[in-house]
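*Asks:* I'd like to ask you about the structure that follows.
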Amino acid sequence: MKPLKFFNTLTRKKEPFQSIHEGKVGMYCCGPTVYWYAHIGNMRAFIFDDLLKRTLKYQEYKVRSVVNITDVGHLTSDEDEGEDKMVVAMRREGKSAYDIARFYEEAFLKNLVQLNIEPFDVYPRATEHIPEQIALIKKIEANGFTYKTSDGLYFDTSKLSAYGKLSGQRAEEKQAGIRVEVGEKKHPTDFALWKFSPKEVQREMEWESPWGIGFPGWHIECSAMSAKYLGVPFDIHTGGEDHIAVHHENEIAQTQAADGVLQANYWMHNSYLQVDGGKMSKSLGNLFTVEELEAKGFDPLSLRYFFLGAHYRSKQNFTLEALEASQKALHRLIDLVRGWDQPALEGIPYYEELFEQAVSDDLNIPQALAVVWEMVDSDFSSSAKAVSLLKFDEVLGLKLVDYIAKPLEITKEVQELLNQRQKAREEKDWEASDRVRDQIAELGYLVEDSADGQRIRGQGFSLHFFKKQDK
Ligand code: AMP
Ligand code: ZN
């Protein structure tokens, strides 16, 4: 195995990575709550998971990755208050909770494909693991960490001395910092393991349990399903930074209380994606989905390229201009590699060394991308560059294999249209020029005008194109 270093939220240090089983890594990634489309902030989290997995594989580990599908139990507040997000969606859409969950799960899976995120190995759904969750709660109860209130069975965080380890806050400090209605809870940090179905609301998703009819709390699914598919302890647990203080702290507490072990050895968190320098929200109209960006003429892989430009632990600011710049850079890369010779036998060790150093140093992907560009623009033979770039793309995931040494093939029909458009432009007949451009677009090609004349981009990369009115 080749060396890797990761920043571990648990120790707040960059540490050499050591897997539990030689050559193998188990990773669990907190997945989507399927009550609505994933937005591009969510996708930043899954791109991070993908880069982590690809880097582990690059360094010769065998990886088993699990991403859960939260289809029950995630309330509108992370503090066990409010309504189940699925119930809110039922009211909004007038559909059954299961239909909603499956619909948005499908949409999520499609987003993964669009962004060339490698499939995870397991996609467990919370609703399909109720017996496992009940069994785990029973263990926690038997070990004396629970109490009952009128609305559910709760975890007593004061009973666990290590509580607060992940966020680095001692329980008392956390208690003081949390401004929530304690209600019948004994301490503000206590959380629901099992919630009773509210009498006044008809719930479609509810189950019998030793404590009464109801549904699991949000955190228990991740402790139960990670243990089922990876065992405990496992190697790496990921999620967005918003999960550190509550969700992951509580997952750790549950597993510790049930099995007396640390759930996972490395905890890695991606920082947030901001939009126009602030928070993304529907009311501000700046909450984009991958589909919305596609409709604006962006290739989803341009979004992937955009994400490669920031380190996962840095905030990243999204603007449409920045995405346009990413798309241009990716197009430039594709244009260049199309003209390269077929890959040779040997790559360029100097750049391969630099690339590996970057990715293995806590996934320094922006640095790795800088190495890519330095190599692409270097004087080495294109056939040697091709070999190295194909290797690098195992991590970057930009599908460059489709373009390296593959000049664009243009049909006779398209070539004729290009000639017509050229003539129209020479005659300054812009209307005709635009008309022909649209005809070419219908055939799946995008024409751009550059200083050297018309340039064309082919099918399979940019199926969509900028129309002036979209900008
Ligand atoms: P959710 O569907 O809300 O459970 O979120 C799925 C994943 O996306 C979690 O790991 C979140 O921490 C992460 N996430 C949510 N919003 C953002 C954002 N703006 N930037 C980066 N990650 C996010
Ligand atoms: Zn989780």
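The values are calculated or read from the model by the stated rules, or taken from the named source; none is laboratory data. What you see is a predicted model, and the numbers here were worked out from it, not measured in a lab. Using ideal geometry, Cβ is built from the backbone for each residue, glycine included, and neighbour counts are taken over all protein chains shown. Note: accessible area is taken over every heavy atom of the protein model, side chains too, but ligands, DNA and RNA are not part of it. Shrake-Rupley method; radii C 1.70, N 1.55, O 1.52, S 1.80 Å.
*Asks:* Between a first residue in region 358-375 that is under 15 Å from LEU389 (Cβ atoms) and a second residue that is part of a strand (DSSP E or B), which pairs have beta carbons less than 6 Å apart while being 6 or more apart in sequence or on different chains?
*Replies:* Pairs that qualify, where the first residue is under 15 Å from LEU389 (Cβ atoms) and the partner is part of a strand (DSSP E or B): there are none.
*Asks:* Applying the selection to region 374-407, what residues are aliphatic (A, V, I, L, M), over 16 Å from TYR58 (Cα atoms) and not in a helix (DSSP H, G or I)?
*Replies:* ILE404, ALA405
*Asks:* Those residues that are part of a loop (DSSP other than H, G, I, E, B) and open to solvent by 30 Å² or more (accessible area, probe 1.4 Å), I need them from region 289-311; list them, please.
*Replies:* Across region 289-311, the qualifying residues are LYS296, GLY309, HIS311.
*Asks:* Considering every residue within region 223-236, establish whether at least one is within 16 Å of ligand 1 (Cβ to nearest atom) and not in a helix (DSSP H, G or I).
*Replies:* Checked against the condition, which is being within 16 Å of ligand 1 (Cβ to nearest atom) and not in a helix (DSSP H, G or I), region 223-236 yields at least one hit.
*Asks:* Identify the residue in region 239-255 that is near ligand 2 (Cβ under 10 Å from one of its atoms) and assigned to a helix (DSSP H, G or I) and, among all such residues, is most open to solvent (accessible area, probe 1.4 Å).
*Replies:* HIS243
*Asks:* Something else: Assess whether LEU287 counts as being within 15 Å of ligand 1 (Cβ to nearest atom) and touching a Gly at 6+ places or on another chain (Cβ under 6 Å).
*Replies:* So LEU287 does not fit the description; no.
*Asks:* Quick one: which of GLU442, GLU394 is of a type outside the set (Lys, Arg) and free of Cβ contacts under 8 Å to residues at least 12 places away in the same chain?
*Replies:* After applying the criteria, what remains is GLU442.
*Asks:* Can you confirm whether ASP341 is in the same structural domain as HIS311 (by TED's automatic domain parsing), more than 19 Å from TYR305 (Cβ to Cβ) and without any contact (Cβ under 8 Å) to a residue 24 or more places away in the chain?
*Replies:* Spelling it out, it is not the case that ASP341 is in the same structural domain as HIS311 (by TED's automatic domain parsing), more than 19 Å from TYR305 (Cβ to Cβ) and without any contact (Cβ under 8 Å) to a residue 24 or more places away in the chain.
*Asks:* Here is a follow-up. Against the condition under 28 Å from SER197 (Cβ atoms) and within 16 Å of ligand 1 (Cβ to nearest atom), how does GLU292 come out, does it pass?
*Replies:* no
*Asks:* Which residues, counting only those in region 8-45, are under 19 Å from SER65 (Cα atoms) and either away from ligand 2 (no atom under 16 Å from the Cβ) or assigned by TED's automatic domain parsing to the domain that holds ALA322 (or both)?
*Replies:* ASN8, PHE17, GLN18, SER19, ILE20, HIS21, GLU22, GLY23, LYS24, VAL25, MET43, ARG44
*Asks:* Same structure again: Would you confirm whether or not region 198-217 contains a residue that is within 16 Å of ligand 1 (Cβ to nearest atom) and either closer than 18 Å to ARG125 by Cα or open to solvent by 10 Å² or more (accessible area, probe 1.4 Å) (or both)?
*Replies:* Checking region 198-217: at least one residue is within 16 Å of ligand 1 (Cβ to nearest atom) and either closer than 18 Å to ARG125 by Cα or open to solvent by 10 Å² or more (accessible area, probe 1.4 Å) (or both).
*Asks:* Go through region 21-34 and give me each residue that's assigned to a loop (DSSP other than H, G, I, E, B) and buried (at least 21 other Cβ atoms within 10 Å of the Cβ).
*Replies:* Within region 21-34, CYS30, GLY31, PRO32, VAL34 qualify.
*Asks:* Same structure, new question: Assuming ALA227 fulfils every condition listed in (1) open to solvent by less than 20 Å² (accessible area, probe 1.4 Å); (2) at pLDDT 95 or above; (3) more than 24 Å from LEU51 (Cβ to Cβ); (4) within 13 Å of ligand 2 (Cβ to nearest atom) apart from one, which condition is it?
*Replies:* If we test ALA227 against (1) open to solvent by less than 20 Å² (accessible area, probe 1.4 Å); (2) at pLDDT 95 or above; (3) more than 24 Å from LEU51 (Cβ to Cβ); (4) within 13 Å of ligand 2 (Cβ to nearest atom), just (1) comes out false.
*Asks:* Within region 193-208, does at least one residue satisfy the condition of being basic (Lys, Arg) and under 26 Å from TYR28 (Cα atoms)?
*Replies:* Scanning region 193-208, I find at least one residue that is basic (Lys, Arg) and under 26 Å from TYR28 (Cα atoms), so the answer is yes.
*Asks:* Continuing with this model, one more query. Select from region 252-283 the residues that are in contact with a Leu (Cβ under 8 Å, 6 or more places away or on another chain) and among the hydroxyl-bearing types (Ser, Thr, Tyr) and write down the one among them that is farthest from ligand 1 (Cβ to nearest atom).
*Replies:* Out of the qualifying residues, it is THR255.
*Asks:* Please go through region 35-60 and pick out each residue that is in contact with a helix residue (DSSP H, G or I) (Cβ under 9 Å, 6 or more places away or on another chain), more than 9 Å from ligand 1 (Cβ to nearest atom) and either open to solvent by less than 20 Å² (accessible area, probe 1.4 Å) or under 14 Å from LEU396 (Cβ atoms) (or both).
*Replies:* The answer is ILE47, ASP50, LEU51, ARG54, THR55, LYS57, TYR58, GLN59.
*Asks:* Go through (1) of a type in the set (S, T, N, Q); (2) surrounded by 16 or more Cβ atoms within 10 Å (Cβ to Cβ); (3) without any contact (Cβ under 8 Å) to a residue 40 or more places away in the chain one by one and return the number of the condition ASN68 breaks.
*Replies:* Every condition holds for ASN68 apart from (3).
*Asks:* Against the conditions (1) open to solvent by less than 20 Å² (accessible area, probe 1.4 Å); (2) modelled with pLDDT under 95; (3) among the polar types (S, T, N, Q), where does THR157 fall short? Just the number, please.
*Replies:* Just one mismatch for THR157, condition (2).
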